[in-house]
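Written below as structure tokens is the structure these notes are about.
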Amino acid sequence: MKSRIRQNRAARWLAHVEQWRQSGMSKAAYCTAHGLDFSSFRYWLRKSRSATVDVPALPPAIVPLPFTLAAKAPSIGLLVGNRYALDVPADFDEGTLTRLLSVLEPRC
């Protein structure tokens, strides 16, 4: 039961931290406007920056994303040995490609 209370408290404070980040307000102004203790807010702000905050994760969900195929720019397929396949754009920089190949070829 205590861990659930802690999780709820953490979720509530971290939601305030996120709302503050999006608000554009100063920390003190946000705390005053929402009736929050400033030192507690700073504590949770520090916690939000660490990876140790134990907030229950939302269950995974499939989210539809808009997708359109972009026209592919002309390119040249290049195999280097049996290890590397490069897709080089038609407007490549010759010096850069030369340097890249000089690094990859000895490794094949």
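Bear in mind that the values in this text are calculations on the coordinates, not laboratory data. None of these values were measured; they are calculated from a predicted model. Because the Cβ atoms are built from the backbone with ideal geometry, glycine has one as well, and the counts that use them run over all protein chains shown.
General observations
- Given +1 at the Cβ of Lys and Arg, -1 at the Cβ of Asp and Glu and no other charges, the dipole of segment 2-49 around its Cα centre is 320 debye to the nearest 20.
- Cα centroid separation - segment 69-108 against segment 11-28, whole Å: 46 Å
- For segment 2-49, a Kirkwood hydrodynamic radius built from all Cα pairs, placed in the Stokes-Einstein relation at 25 °C and 0.890 mPa s, yields a translational diffusion coefficient of 225 µm²/s.
- Per-bin percent of Cα-Cα distances, the chain [5 Å]: 2, 9, 13, 11, 8, 6, 5, 6, 9, 12, 10, 8, 2, 0
- Exposed loop sites here are trypsin sites (Lys or Arg not before Pro) assigned a DSSP state other than H, G, I, E or B and surrounded by at most 15 other beta carbons within 10 Å; excluding them, the longest clear run of the chain is 1-71.
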